[in-house]
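Structure, as structure tokens:
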Amino acid sequence: MLKPNGNYRNLKESYLFYNISQKVAAYKEKHPELPLYRLGIGDVSLPLCGEAIRALHAAVDDQADARTFHGYTPECGIPEFREAVAGYYARRGVKLDPEEVFVSSGASDELGDILDLFDASSSALITEPAYPAYIDASVMAGREVSFLSAGPENNFLPLPGEKTEADLIYLCSPSNPTGAVYNRDQLKVWVDYANKRGAVILFDAAYEAFIEENLPHSIYEIEGAETCAIEICSLSKTAGFTGTRLGYTIIPKALERDGMSLNAMWVRNRTTKTNGISYILQKGGIAVFTETGLRQIHENIRVYKENARVIMEALDAAGVRYWGGKNAPYIWMACPGGMKSWDFFDRLLNEVQVIGTPGAGFGESGEGFFRLSAFGNPEDTKTAAERIRRLAARG
Ligand code: PLP
């Protein structure tokens with residue numbers, strides 16, 4: 001008889017967003033007259049930039065004419081897209097061969113698919129609190145998972161210790177959910193550790209465009225990363241492509257393990273398991289990386305950054321401790337008075353009609369913390385921030 005993948009039995013039920021929606025639905029039913037203010041969403045609220053929209057329309061028109069029509073695109077990305085991403089990295093001094101850039105339909109897909117490159121016996125180390133997909137994708141693939149705890153004691157930026165054991169290392173910087181960003185020295189510690197052990201870092205840079213201080217946007221800004229790191233990125237948060245779906249993954253040609261080139265293996269994987277990503281979407285992505293496109297996406301990011309500033313100002317006024325917000329769209333606050341994160345969720349919803357995300361949903365180390373998102377609309381964010389300030393000041 002066919003045997004299903006038994007690893008799925010080892011997945012923990014994920015109640016986070018389900019629980020939130022249940023609680024919100026129950027509250028709305030009881031108080032239909034009260035507006036709710038959402039600071040819980042990880043999705044963007046602003047539309048795609050004009051340059052991307054123009055390119056998407058033009059690409060649709062290309063598909064309407066036999067002279068410009070495109071069938072299958074190359075599996076690893078159309079050359080113009082791969083060059084555009086390499087050009088984006090070059091602006092920061094990172095030299096990539098376009099063949100080291102692979103198009104994808106988003107970071108989530110890649111975070112799971114990339115595990116194909118590694119033997120099932122290789123274990124995964126996840127810094128926690130973490131984006132839940134890291135854990136679940138590893139468990140589905142039957143990997144042993146261990147955690148490295150992040151907390152105020154390490155500013156939510158844990159580093160490997162003497163006893164840290166890892167084959168695959170997930171790093172997310174800027175972090176979802178904490179908004180913490182590794183500096184160059186800290187990333188160098190990880191890179192040296194991975195090179196020494198023969199481990200591979202999966203570096204999730206989904207929020208790199210939110211960095212405004214002098215901090216690394218890419219792990220390849222660190223010497224030695226080309227022999228130990230894969231970078232996974234996406235246009236979702238950078239350019240509002242959450243519903244449009246486009247991303248990219250960098251696998252350096254210098255990255256080898258046991259005599260095998262991970263870049264060559266990924267070419268083989270993509271050419272077997274995909275038939276390319278939509279021509280239309282890639283044209284939209286290319287437009288994002290033009291001068292005008294980059295200027296326009298940063299105008300949107302500025303709106304989210306202003307939301308973050310408004311939230312941080314309210315927390316400062318209430319004397320609440322928080323992390324993130326400056327180089328990330330997330331603010332990670334300590335629940336006032338040592339409350340548990342779900343209790344604080346209930347209080348926020350019931351007393352001031354604001355919705356956030358309980359830290360416990362991102363792992364054990366998230367207990368006692370709470371994630372606020374800057375992706376909402378500015379008016380609602382202002383109202384919500386003021387309400388949080390009043391509630392937190394009450395204690
Ligand atoms: N990585 C992190 C840290 C995220 O927060 C998200 C989405 O919220 C993703 C990856 C997934 O992004 P995508 O929309 O490209 O699948």
With DNA, RNA and ligands ignored, accessible area of S122 (1.4 Å probe; Å², nearest 10): 20
Cut-off under 5 Å, modelled amide H: who pairs with I169 long-range: L125, V200, I201, L202
Cβ charges +1 (Lys, Arg) and -1 (Asp, Glu), total dipole of the range 1-122, debye: 740
Whole-Hz couplings from phi, Karplus 6.51/-1.76/1.60, listed for the range 42-58; x for Gly and Pro: x, 9, 7, 10, 8, x, 4, 6, x, 5, 5, 4, 4, 5, 5, 4, 5
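DSSP beta bridges in the range 179-281, what fraction antiparallel, as a percent rounded to 5? Walk me through the numbers before you get to the answer.
On the way: 6 of 10 bridges.
Antiparallel bridges make up about 60 percent of those DSSP assigns within the range 179-281.
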Accessible area of the chain belonging to carbon and sulfur atoms, whole % at 1.4 Å probe: 51
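Taking only protein heavy atoms into account and a 1.4 Å probe, give the accessible area per residue of the chain in Å². Mind dumping the intermediate values first?
Values: 17630 Å² over 395 residues.
It amounts to 45 Å² per residue over the chain.
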Ratio of Rg to Rh over the chain (Cα coordinates, Kirkwood Rh, two decimals): 0.97
Solvent-accessible area of R302 with every protein chain in place, 1.4 Å probe, in Å² to the nearest 10: 150
Cα lying deepest toward the dipole's positive end in the chain, options P216, L56, W332, charges on Cβ: W332
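Just from its helices, what would the mean residue ellipticity at 222 nm be for the chain, if runs of 4 or more DSSP H residues each count -39500 (n - 2.57) and the sum is divided by every residue, rounded to the nearest 500 deg cm²/dmol? Present the calculation step by step, with values, prior to reporting the outcome.
Working: 12 runs with 153 residues, N = 395.
Calculated at 222 nm, the ellipticity per residue is -12000 deg cm²/dmol.
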Hz values of 3J(HN,Hα) by residue in the range 375-391 - Karplus curve (6.51, -1.76, 1.60), Gly and Pro given as x: 8, x, 7, x, 5, 4, 5, 4, 4, 4, 4, 5, 5, 5, 4, 5, 5
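Explain nothing, just the number: dipole magnitude of the chain about its Cα centre with +1 on each Lys and Arg Cβ and -1 on each Asp and Glu Cβ, in debye rounded to the nearest 20. The partial results should precede the final answer.
Values: 41 positive and 51 negative charges, 164 e Å.
The calculated dipole for the chain is roughly 780 debye.
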Part-to-part distance (alpha-carbon centres) for the range 108-142 and the range 285-339, which is given in Å: 27
Exposed-site-free run, longest, the chain (rule: GluC sites (Glu not before Pro); DSSP loop; at most 16 other C-beta within 10 Å): 224-366
Karplus (6.51, -1.76, 1.60) ³J(HN,Hα), θ = phi - 60°, over the range 106-114, in Hz, Gly and Pro reported as x: x, 5, 4, 4, 5, 4, x, 4, 5
Share antiparallel - DSSP beta bridges, the chain, percent rounded to 5: 50
The chain, relative contact order [Cα under 8 Å, separation at least 6], %: 23
The range 188-266 versus the range 14-28: alpha-carbon centroid distance in Å: 34
L36 accessible area, assembled protein chains, probe 1.4 Å, Å²: 30
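The values are calculated or read from the model by the stated rules, or taken from the named source; none is laboratory data. The shown structure was predicted, so the numbers you read here are calculated from the model rather than taken from an experiment. Don't worry about glycine lacking a Cβ; one is built from the backbone with ideal geometry, like all the others, and counts go over all protein chains shown. Only protein heavy atoms, including side chains, enter the accessible area calculation; ligands, DNA and RNA are left aside. Shrake-Rupley method; radii C 1.70, N 1.55, O 1.52, S 1.80 Å.
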